[in-house]
Structures are given as C-alpha cells and as structure tokens.
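Encoded as structure tokens, the structure appears first; notes follow it.
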Amino acid sequence: MEILRAIRWESLFDAELAIKAAPQLLIGLMDTIWISLLTMAIGLVLGLLTAMARMSSNPLFRYPARAYISLIRGTPLLVQIFILYFGLPVIGITLTPLLAGIIGLSLNVGAYSSETIRGSILSIPKGQWEAAASLNMTYWQTMRRVIIPQATRVALPSLANTFMSLVKDTSLLAMITVQEMFYQAKVIGAREWDYMTVFIMIALFYWVVCTLLSFAQDKLEERYGRYAS
C-alpha cells in the first residue's frame, strides 16, 4: 500500500496532452496501417512463390528457397532492417528509410508465410489432385481452381496472426526514422517531456487495431468454415 501511495498517479497519464497529441498519432497510425497492408500483400505473393519453389523437385529452385527462409527466420527483423538501411550503402546501394522498411518487412513476411502456405497446400488430400487430373486440368489450373482455395481456409488463422504481428512490427521502422505511429509518439514524448502518456495512447491504438483484426479473422474463418468438409 505504501508503494501505491508513493506513485504519482497524476503523472501517469495527462489527458490534456492525450487530446493534443491524438491528431499527430492518428496520422502515424494511418501510415502504420498502409505500410502493414502493402508489406503483407507483397509478402503473401513472395510467400506463395517461395512455397512453390520450396516444393519444387528442381534443386535450383528448392535450395535457394530453403536458404532464404532459413536466413530470414534465423535472424532478428531489426537486424535485417538495419542491414538494408545502414549496411547496403557500403556497397553503393542507398535506400530511403521507407523503402528499406517496406523491403525488410516484406521479406520477413514472405519467409514466414511461405511455410504456412506450404503446409496448407500439403494438407490438401491427394484425392483432390487426382480428381483434378481426371478432369484434364494442368498443374497450374489445379493449383488455382482446386488447391489454393482449399489451402486458403487452412492457412487463414496463421496468416491473420502474421498480419497482426506485422502491424506491431512496423514500430521497428521508427529506428530508421520512418514516421509511423511509434516514431510520432517518440517525437511527441521528447517534445512534451512525457513519454508515458503517448506510449499508453499508442498501446491502446495498437490494441484496438488488433482487436478489430481479430474480429475480422473470426468472421472470415466462419465464412470459409461453411465450405469445410
């Protein structure tokens, strides 16, 4: 109880600062959201291509895909972003903070989603392939019309979790001065000498966004679940 009485609760959260900072933080939130959507879209395409290469019988496709997945999954995301932004200029390649961040996040999502996609494709019963072959479908027609629609239902929960993690991982881009929500919070906190208020605010913003995404995930799973056998 003595500890609780010693806490300066009035310094924990400044409502006046919260109202003042909200517009700038919301601008940062919009950047967080569009960066997340863009990198998720790029990452899914990269993940699908990597999954196909990973399942290929051709070692020229399979081994580079495995190396890429191992490298990205085996190193911290922040290190990958730093290498893109601070390391590449050493060999004459200079990226803007935003471009380095988008590339880093997309490569990370691509590696993780590729294993999710691969596992989902492999979970489809062999009979589905045989049925498509009996209809004279080509490999790519089978993938597009039969396998991927079913694999999507299987992969959806994991991919939704990947996206929620991605929304939070965008905060790492503040380390290379990308002006997303966490960066805006740092700027306001330094200017107003009050980090706690703005950090509590962005924590609530992240929580609200992820709660909405979780709700959307439940609805999508419910919709795809109707077609489950």
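The values are calculated or read from the model by the stated rules, or taken from the named source; none is laboratory data. Computed from a prediction, not measured in an experiment: that's the story for all the values here. Counting neighbours? That spans all protein chains shown, and the Cβs are built from the backbone with ideal geometry, glycine included. All accessible areas refer to the heavy atoms of the entire protein, side chains included, with ligands and DNA or RNA removed. Shrake-Rupley method; radii C 1.70, N 1.55, O 1.52, S 1.80 Å.
Rounded to the nearest 10 square angstrom, Asp31 shows an accessible area of 50 square angstrom against a 1.4 Å probe. Determine the shape class of the range 57-215: with a ≥ b ≥ c the square roots of the Cα gyration tensor eigenvalues, call it rounded for a/c under 1.5, and otherwise prolate if a/b is greater than b/c, oblate otherwise. It is oblate, given that a/c is not under 1.5 and a/b is not larger than b/c.
The helix-based estimate of mean residue ellipticity at 222 nm for the chain, built from -39,500 (n - 2.57) per DSSP H run of four or more residues and divided by its residue count, is -25000 deg cm²/dmol to the nearest 500.
The figure for Ser165 is an accessible area of roughly 50 square angstrom, using a 1.4 Å probe on the protein chains alone. Dividing the radius of gyration of the alpha carbons in the range 133-229 by their Kirkwood radius gives 1.24 for Rg/Rh. Span-like helix criteria (full DSSP H runs; alpha carbon extent of at least 15 Å along the helix axis; mean Kyte-Doolittle hydropathy of at least 1.0) are satisfied in the chain by 15-55.
Taking all protein chains as they are arranged and a probe of 1.4 Å, the heavy atoms of Met196 leave approximately 90 Å² accessible to solvent. Note on Lys219: no lysines have a C-alpha under 20 Å away, same-chain residues under 8 apart excluded.
In the chain the longest region clear of chymotrypsin sites (Phe, Trp or Tyr not before Pro) that are loop-assigned by DSSP and have at most 11 other C-beta atoms within 10 Å covers 1-192. Once the trypsin sites (Lys or Arg not before Pro) in DSSP loops with at most 16 neighbouring Cβ atoms within 10 Å are cut out of the chain, the longest remaining piece is 9-225. If I take R0 = 35 Å and measure r between the Cβ atoms of Tyr195 and Leu98 in this structure, what FRET efficiency does the formula 1/(1 + (r/R0)^6) give, to the nearest 0.05? The pair Tyr195/Leu98 has a calculated efficiency of 0.90. Rounded, prolate or oblate: pick one for the range 95-170, where a ≥ b ≥ c are the square roots of the eigenvalues of its C-alpha gyration tensor, a/c under 1.5 means rounded, and failing that, prolate if a/b is larger than b/c, else oblate. Prolate, since a/c reaches 1.5 and a/b exceeds b/c. Split the accessible area of the range 97-229 by element, probe 1.4 Å, and carbon with sulfur accounts for 62%. Could you calculate the FRET efficiency of Gln141 with Ser165 from 1/(1 + (r/R0)^6), where r is the beta carbon distance between them and R0 is 41 Å, rounded to 0.05? It comes to 0.75.
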